[in-house]
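Following: one structure in structure tokens, then a few remarks.
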Amino acid sequence: MRRAQRKKPERPRQALGVKTDLLDTLIAACTDDLIGLRDEALLRVGFDTLCRRSELVRLRADDLTTNVRGNFSILVRRAKNDQTGQGRTAPLSTKTSECLRRWLKQTGIERGPLFRPVYDDRVLQRYLDPVVVSRVLKKLARRSAAAEDARTGVSGHSLRVGAAQQLTINGNGILQIMRAGGWRSVAVVARYVENVDLDLWT
């Protein structure tokens, strides 16, 4: 009998990473209204926290704290790989903190869901659906001056992948990236950053 030929396992297709240059391009495409402000805050917070989209839409305004530099940090509650429910605290940059303050001021949000649906300039009292993260990224990519691969390749996972890649470009080690994104597996992070274009010889 002929031994059945084994198929090579296919590697999961990786989402296009949104690094800082593309992030700025997408943010520039946000509209000058409440939805645009929500979208900008969503992208900035998603990038800074390296949240999965399911974690990003479950963030709460009452889990924000202010650090000694005047910037926000936020508690990312129970994640897929955090079965004890302890969560992790993620620091936010100055730009993200300023954007988030504008969002909170204009909406009056103090507690409950941080990111909410907006209809006719009315903010609803509920969480966003995780699919909205993908829709916002794709909407902004189509509207922006981004390259064709970015306009067609972004997904709900692009912020997490791109932030990990940007941290690598900035010189952070694998353990620092794992801590920033709440990863337990070195292999997963290594796959995210394996295609980062680094010039190791300069």
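The values are calculated or read from the model by the stated rules, or taken from the named source; none is laboratory data. The structure presented is a predicted model; accordingly, all values stated were derived computationally and were not measured. Neighbour counts are summed over all protein chains in view; Cβ atoms, including those assigned to glycine, are modelled from backbone coordinates with ideal geometry.
Observations, loosely collected:
- Qualifying positions in segment 154-170 - in a helix (DSSP H, G or I) and surrounded by fewer than 18 Cβ atoms within 10 Å (Cβ to Cβ): Ile169
- Segment 107-153 - residue that is polar (S, T, N, Q) and surrounded by 12 or more Cβ atoms within 10 Å (Cβ to Cβ) and, of those, nearest to Leu26 (Cα to Cα): Ser144
- Residue check, Ala180 closer than 17 Å to Val45 by Cα and either aliphatic (A, V, I, L, M) or in contact with a strand residue (DSSP E or B) (Cβ under 8 Å, 6 or more places away or on another chain) (or both): yes
- Among (1) more than 23 Å from Arg78 (Cβ to Cβ); (2) at pLDDT below 95, the one test that Ser185 misses: (1)
Quick grid of which residues meet (1) without any contact (Cβ under 8 Å) to a residue 24 or more places away in the chain; (2) over 15 Å from Gln14 (Cβ atoms):
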site: Ala141; (1), (2): no, yes
site: Ser155; (1), (2): no, no
site: Gln165; (1), (2): no, no
site: Met178; (1), (2): yes, yes
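- Subset of segment 29-64 (residues that are surrounded by fewer than 19 Cβ atoms within 10 Å (Cβ to Cβ) and of a type in the set (Gly, Ala, Ser)): Ala29, Gly36, Ser54, Ala61
- Verdict on Val186 being over 19 Å from Pro91 (Cα atoms) and either free of Cβ contacts under 8 Å to residues at least 40 places away in the same chain or exposed (fewer than 13 other Cβ atoms within 10 Å of the Cβ) (or both): yes
- Boolean, Leu26 is at pLDDT 95 or above, closer than 19 Å to Ile74 by Cα and surrounded by 23 or more Cβ atoms within 10 Å (Cβ to Cβ): no
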